[in-house]
Amino acid sequence: MASTPGGGRRTHGTRVHVVSDVHGNARDLARAKDGADALVCLGDLVLFLDYADHSRGIFPDLFGTENAHRIVEMRTARRFEEARDFQRGLWAGIGVDRATAIETAVRKQYAEMFSAFPTPTYATYGNVDVPPLWREYAGPGTTVLDGQRVEIGGWTFGFVGGGLRTPMRTPYEIDDEEYAAKIEAVGEVDVLCTHIPPEVPELVYDTVARRFERGSTALLDAIRRTRPRYSLFGHVHQPLVRRMRIGATECVNVGHFASTGRPWALEF
């Protein structure tokens with residue numbers, strides 16, 4: 001059994017490529033399965049605002065790059081109420097229905113993202129995703145899982161999507177209890193696939209944003225209790241530590257696919 005950062009020649013067994021935090025990178029997504037038997041996607045297909053390039057995403061498309069600079073500055077400084085007030089003013093200024101405008105933009109991105117998914121793809125939601133729309137865009141080659149399991153190459157993969165409640169109020173944030181119930185429903189698996197990491201300081205701290213993102217204590221407890229071979233996740237774009245062992249489990253942040261364009265590879 002071996003794991004590599006992506007790419008390379010397959011020599012034996014099963015090879016699965018894993019991506020997370022795609023955020024609009026359809027070009028690289030279309031070839032993310034090359035050389036592998038399957039693709040696993042851990043969510044965040046939507047690009048609302050690119051914190052590295054403020055000209056990209058739904059927000060700057062609607063309000064311009066200068067306003068994107070300002071909103072990033074407020075959020076980075078954790079001035080969330082000020083950021084929300086600023087956004088309300090922007091929406092009032094353009095005179096369009098916020099929900100309708102965002103859904104239209106998300107649908108456009110989803111049409112591009114889901115058409116880029118190779119076959120077979122196994123995917124779960126990120127915290128910025130809109131789950132009800134996935135059913136409309138997922139083709140027959142894409143299996144969407146949340147609180148569910150699937151067998152790939154003889155190993156059992158469990159999937160839990162979404163994020164936990166934060167001041168950012170992204171679209172698919174749920175209560176801790178609901179998240180824990182999905183973890184419990186998955187049970188014992190070989191590979192536990194989630195969007196957010198377990199609640200470990202080194203795994204949840206973003207070194208560029210300079211803040212702790214929310215990880216899951218229920219996920220951490222499940223890793224300790226059920227001892228999967230791997231815990232795979234994304235969400236934290238620039239983590240302090242990309243991988244570490246928790247007991248028998250190798251915990252891996254599979255990387256910020258939007259910027260790297262490279263999948264993480266698992267061979268077994």
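Heavy-atom accessible surface of Trp91, to the nearest 10 Å², is about 20 Å², with a 1.4 Å probe and all protein chains retained. Think of the chain as having a plus end and a minus end, set by charges on the Cβ of Lys, Arg, Asp and Glu; of Ala68, Ala36, Pro228, Ala36 sits farthest toward the positive end of this dipole. The C-alpha radius of gyration of the stretch 69-132, expressed as a fraction of 2.2 N^0.38 Å, stands at 1.47. Just so you know, the averaged projected area of the alpha carbon convex hull for the chain sits at 13.1 nm².
Per the Debye formula on identical point scatterers at the alpha carbon atoms of the stretch 54-98, with no solvent, log10 I(q)/I(0) at q = 0.23, 0.25, 0.30, 0.31 Å⁻¹ is -0.79, -0.91, -1.14, -1.16. In sequence order, the stretch 164-172 has phi-based couplings of 9, 4, 9, x, 6, 6, 6, x, 10 Hz under the Karplus curve 6.51 cos²θ - 1.76 cosθ + 1.60, θ = phi - 60°, and Gly or Pro positions carry x. With semi-axes defined as the square roots of five times the eigenvalues of the C-alpha gyration tensor, the equivalent ellipsoid of the stretch 131-245 measures 22, 19, 14 Å, largest first.
Restricting the calculation to Cα atoms, every distinct pair contributes to the Kirkwood radius of the stretch 179-261, found to be 12.7 Å.
The 3J(HN,Hα) values that the Karplus relation (6.51, -1.76, 1.60; θ = phi - 60°) gives for the stretch 38-44 are, in residue order, 7, 10, 10, 10, 9, x, 6 Hz. Gly and Pro appear as x.
Based on DSSP H runs of at least 4 residues, each adding -39500 (n - 2.57), what is the mean residue ellipticity at 222 nm of the chain after dividing by all its residues, to the nearest 500 deg cm²/dmol? Only helices count here, giving -10000 deg cm²/dmol.
Applied to the stretch 192-197, the Karplus parametrisation 6.51 cos²θ - 1.76 cosθ + 1.60 on θ = phi - 60° returns per-residue 3J(HN,Hα) values of 9, 10, 9, 7, 8, x Hz, with x for Gly and Pro. When the surface is traced with a 1.4 Å probe over the full set of protein chains, Tyr51 keeps roughly 90 Å² accessible. Computed with a 1.4 Å probe over protein heavy atoms only, the accessible surface of the stretch 128-268 comes to 43 Å² per residue. A 1.4 Å probe, protein heavy atoms only, puts the accessible area of Ser115 near 90 Å². For Tyr122, the residues whose modelled amide H falls within less than 5 Å of its own, excluding neighbours fewer than 5 places apart on the same chain, are Leu39, Val40, Cys41, Thr143. Solvent-accessible area assigned to carbon and sulfur over the chain amounts to 49 percent, based on a 1.4 Å probe.
The values are calculated or read from the model by the stated rules, or taken from the named source; none is laboratory data. For clarity, every value in this text was computed on a predicted model and none was experimentally measured. Every residue, glycine as well, gets a Cβ built from its backbone with ideal geometry; the counts of neighbours run over all protein chains shown. When the accessible area is computed, the model is the full protein with side chains, heavy atoms only, and any ligands, DNA or RNA have been set aside. Shrake-Rupley method; radii C 1.70, N 1.55, O 1.52, S 1.80 Å.
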